[in-house]
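The values are calculated or read from the model by the stated rules, or taken from the named source; none is laboratory data. It should be emphasised that the depicted structure is a prediction, and the values quoted were computed from it without experimental measurement. Positions of Cβ are backbone-derived with ideal geometry, glycine not excepted, and every protein chain shown enters the neighbour counts.
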Amino acid sequence: MTTRRVWIAIGAVVGVLILLNVVAGGIDRAVGGNEPSGVSGSSYGTQATGLAGLTALLARYDHPVTRARGSLAAMTLDPASTVFVVQPETLTIGDTDQLLEFVSNGGRLVVGGSDPFYLHNLRDDPPTWSPVGLREYRQIDPHLGNVRVVSTAADGSWETPGASTVVAHDGDTALLTAERVGRGGIFFLADVSPLENAYLAEADNAAFALGLAGDGRSVTFIEGVHGFGERRGLAALPSEWKIALLLIAVAAIVFAWARSRRFGAPDRPARELPPARAEYVRALAVSLERTHDPVHALAPMQQWARGRIAQAGHLAPDASPEQIDRAAIALGCTEAERAALRHPPAGDADALALGRLVARLSEQEGSLR
């Protein structure tokens, strides 16, 4: 029984560990895991198209970096900072209005990505995007710093600059344009690959990224356009995961409650039985009592005791009562025990004395063996 419970306990522990690993694995996958992953254009992204490397680069060169989660339209942006909106999945009219207010007050906006659907919400005459690009751009405005070559994935370019001014190009193919808006400005980036993890270390891409950030300005990455809400930690988990965790907790409580009555001292493997000798003596006593003739009932015991005393005293089988009495004295028998040998038992006291004598002779006989 004890071994079985040990195995049950081991199985329960193993089951709980497996369950915890499954839950941890699911949560790990839900938040991205420990492998390179994330959303393209996101500063959280550690995959090839993410911007985690850019955030590290900016921090290394003393640009305070923040990530703005949630609704862009509800944010208050510091006009002394540079805001990156890279490869946005959504950008509402409320979002673009907020960005225009930020730029008009002196902010610096870097925006770009493939198939930019939001351009006309930002400017009346924006640049025209083309999916055809170049691998390298060598004509870079000196205002961006010491940038000679920008390497890209050739994912896009500007066919026409619109009302903006070309800042980085190679011949007629433009990579970056800029337009003054109020006290600030907007940089339109046709191909964002120079900022991504996969290309940031190539050519002069790192210097190009620092030039876009501006001298000494703090940098904010807008993450709400990638689906990152304001909630974090457990609050950011999907509702399905919360329900699953709640059900697992309830199941664990029910299991513990169902097993709780088994806790405590282990059950006895079997019922303790009385010694067989005690049962025999009790049965014999009942039988003797039913005879109502103690003299004849105890006569065999008297005869047995006399024979053992005679044998112990090296007497003849037909020794006289006097010889047996002397041998009993030599064996240390009491007066009551010797009297029980000489006369038939007359009452309970004589029967008990005879019983004690028989018990003593039995023990002595057992020790001699």
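Miscellaneous remarks
- Taken together, the residues in region 166-195 that are more than 17 Å from Val103 (Cα to Cα), of a type in the set (Asp, Glu) and either modelled with pLDDT under 95 or surrounded by fewer than 24 Cβ atoms within 10 Å (Cβ to Cβ) (or both) amount to 2.
- Of all the listed residues (Ala74, Ala48), the sole one being free of Cβ contacts under 8 Å to residues at least 60 places away in the same chain and not acidic (Asp, Glu) is Ala74.
- Top-ranked residue in region 205-224 [being part of a loop (DSSP other than H, G, I, E, B) and at negative phi; ranked as farthest from the chain's Cα centre (by Cα)]: Asp215
- Filter result for Gly214 (at pLDDT below 95 and of a type outside the set (A, V, I, L, M)): yes
- Enumerated helices (runs of 4 or more DSSP H) restricted to region 299-369, each holding at least 1 residues that are in contact with an Asp or Glu (Cβ under 6 Å, 6 or more places away or on another chain): 335-342, 348-368
- Residue within region 54-65 that is outside any helix (DSSP H, G or I) and surrounded by 16 or more Cβ atoms within 10 Å (Cβ to Cβ) present: yes
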